[in-house]
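Before any comments, here is the structure.
Readers should treat all values here as calculations from the given coordinates under stated rules, not as data from a laboratory. Because the structure is a prediction, the values reported are computed rather than measured. Here the Cβ positions follow ideal geometry from the backbone for every residue, glycine too, while neighbour counts run over all protein chains shown.
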Amino acid sequence: MVLARRFVEEVSRRLTLARRDDDPLNARVALLQFGGPREQQVAFPLTFNLTVIQEALASARYLNSFSHVGAGIVQAINQVVQGARAGARRHAELSFVFLTDGVTGNDSLDEAVHSMRKQNVVPTVVAVGSDVDADVLSKISLGDPAAVFREKDYDSLAQPGFFDRFIRWIC
């Protein structure tokens, strides 16, 4: 969990963050953790405030359960993208970054993928470990193998070669 937190914080530092909620050019970041089918938690909503991001990451707790990525995607679209509280800007490019160990259920995955397509989400998947389900990765990357980054462990996420390649991809 510590390495995942560092990864999210470092990504937030490297992106050109917006200066305000209606900044039409720069990024805002949100984090949704998901575990079981009813275990989703918005760690922080869309924000450009690095202090908010750091404080939320420091207090986030690990959801130690079998994850259901389909339910997580639907929740992200409903609460983060379309949420009444500072949802996504109109015409903003929506990027979802999935950080996964690959242990996930397929429940409602097809519906979730359909919702991502409908919202024009650009997915990127960071799969850590060797026990990943290639079919699930293919679905959540919308069939784009170039959008899937496979790493052997969480320590690999901190390596400059990986991190620079990842940042270039999402920017």
>> I want to make sure I understand the PRE zone here: with the label point 7 angstrom from the Cα of Glu55 toward its beta carbon, which residues in the range 16-44 have backbone N atoms less than 20 Å away?
In response: 17-22, 28-33, 41-44
>> Running a GNM on the chain with Cα contacts under 10 Å, which residue among Leu25, Leu15, Leu109 ends up with the highest mean-square fluctuation?
In response: Leu25
> What's the FRET efficiency of Asn106 with Asp153 using the Cβ-Cβ distance as r and R₀ = 35 Å, to the nearest 0.05?
Replying inline: 0.90
> Around Ala43, which amide H atoms from residues at least 5 apart in sequence, or from another chain, sit under 5 Å from its own amide H, with H modelled in the peptide plane?
Replying inline: Leu31, Leu32, Gln33
> Among Pro160, Pro123, Pro37, whose mean-square fluctuation peaks in a Gaussian network model of the chain (Cα, cutoff 10 Å)?
Replying inline: Pro160
>> Students often get this wrong: which residues of the range 11-27 have the backbone nitrogen under 14 Å from the point 7 angstrom along Cα-to-C-beta of Ala92?
In response: 16-27
>> Net charge around Lys152, counting only other residues with Cβ within less than 12 Å of its Cβ (Lys, Arg = +1; Asp, Glu = -1)?
In response: -4
>> Please compute the volume of the convex hull spanned by the alpha-carbon atoms of the chain and report it per residue in Å³.
In response: 109 Å³
>> Starting from the 7 Å offset along Cα-to-Cβ, what nm value, one decimal, do you get for the label separation of Arg14 and Gln82?
In response: 3.2 nm
